[in-house]
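The values are calculated or read from the model by the stated rules, or taken from the named source; none is laboratory data. Keep in mind the model is a prediction, meaning the values are calculated, not measured. Neighbour counts run over all protein chains shown; Cβ positions are idealised from the backbone, glycine included. Areas reflect the complete protein model, heavy atoms only, side chains present, ligands, DNA and RNA absent. Shrake-Rupley method; radii C 1.70, N 1.55, O 1.52, S 1.80 Å.
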Amino acid sequence: MLIEAAPYEYTLDLDKAALLIIDMQRDFLESGGFGEMLGNDVSQLRRTIEPNRALLTAWRQAGGTVIHTREGHRPDLADLPPAKKVRGRSTTTIGDPGPMGRILVRGEPGHDIIPELYPRDGEPVIDKPGKGAFFATDLHAILQNRGITQLVVTGVTTEVCVNTTVREANDRGYDCLVVADCCGSYFPEFHAMGLRMIAAQGGIFGWVTALDKLLPQLTMMRPAAT
Ligand code: C5J
């Protein structure tokens, strides 16, 4: 299946591909969460929910592999680097009580994935302590065991966890297709530049497409189960 993309068309093979949805967590996206508490405009991220929901629905109907990630730490914070804890000099940091439980701690309500995109049974959820989904996780092993070489990447934020994951994936030999309108940043200029950096120089880290280029192809590929 050929998908119109930058810098040139992407050949998607659904049997070798996974949809990788990065960090669509309540604390980043929901009004009243940690992201908003820090003064961020969560509407910049919330605009990605509906496109992600449409893509996830079509991807599931086509029978494709879906993998979700969440950024966060063990409740005892043993995997939290001191540098990450103190960065930003904020009075409230990772592990402290926040509006939806302890901030970025596994098992807390704010750490979980938003209900609109909630994982189904059988869809792996990768709990990652860093920005990249490959660092200190079993993502690479899971992908290799399933024969996956292509990643369709969405989620938040474009310039942080999406970009870091795409760069990690690229170095491990995966072909990444990033869906622009299914990614978001609190900072629109970083979103735009984050996408440009991926597709620059002939696709130095991967490809970038839009939902309206991917969705019709996906829907055509395999009829929805009745
Ligand atoms: C993600 C962050 N998910 N911005 N985290 O991008 O700290």
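Quick notes on this structure:
- Those helices (runs of 4 or more DSSP H) of the range 1-79 in which at least 2 residues are buried (at least 19 other Cβ atoms within 10 Å of the Cβ) and charged (D, E, K, R), considering only elements entirely within it, cover 26-29.
- Flag if ILE103 is open to solvent by less than 60 Å² (accessible area, probe 1.4 Å) and over 30 Å from GLU9 (Cβ atoms): yes
- The residues on offer are THR165, THR157, THR209, and the sole one that is in contact (Cβ under 8 Å) with a residue 60 or more places away in the chain, within 22 Å of THR11 (Cβ to Cβ) and within 13 Å of the ligand (Cβ to nearest atom) is THR165.
- Any hit, the range 108-127, residues being farther than 18 Å from ALA18 by Cβ, among the β-branched types (Val, Ile, Thr) and under 20 Å from the mean Cα position of the chain (by Cα): yes
- Scanning the range 37-85 for residues that are charged (D, E, K, R) and more than 16 Å from the chain's Cα centre (by Cα) yields ASP41, ARG60, ARG74, ASP76, ASP79, LYS84, LYS85.
- When LYS84 is tested against (1) within 26 Å of CYS176 (Cα to Cα); (2) open to solvent by less than 50 Å² (accessible area, probe 1.4 Å); (3) part of a helix (DSSP H, G or I), exactly one condition is not met: (1).
- Some residue of the range 71-82 being touching a helix residue (DSSP H, G or I) at 6+ places or on another chain (Cβ under 8 Å), within 13 Å of the ligand (Cβ to nearest atom) and farther than 23 Å from LYS213 by Cβ: yes
- Single residue of the range 111-154 satisfying the filter (more than 15 Å from the ligand (Cβ to nearest atom) and polar (S, T, N, Q)) that is farthest from PHE190 (Cα to Cα): ASN145
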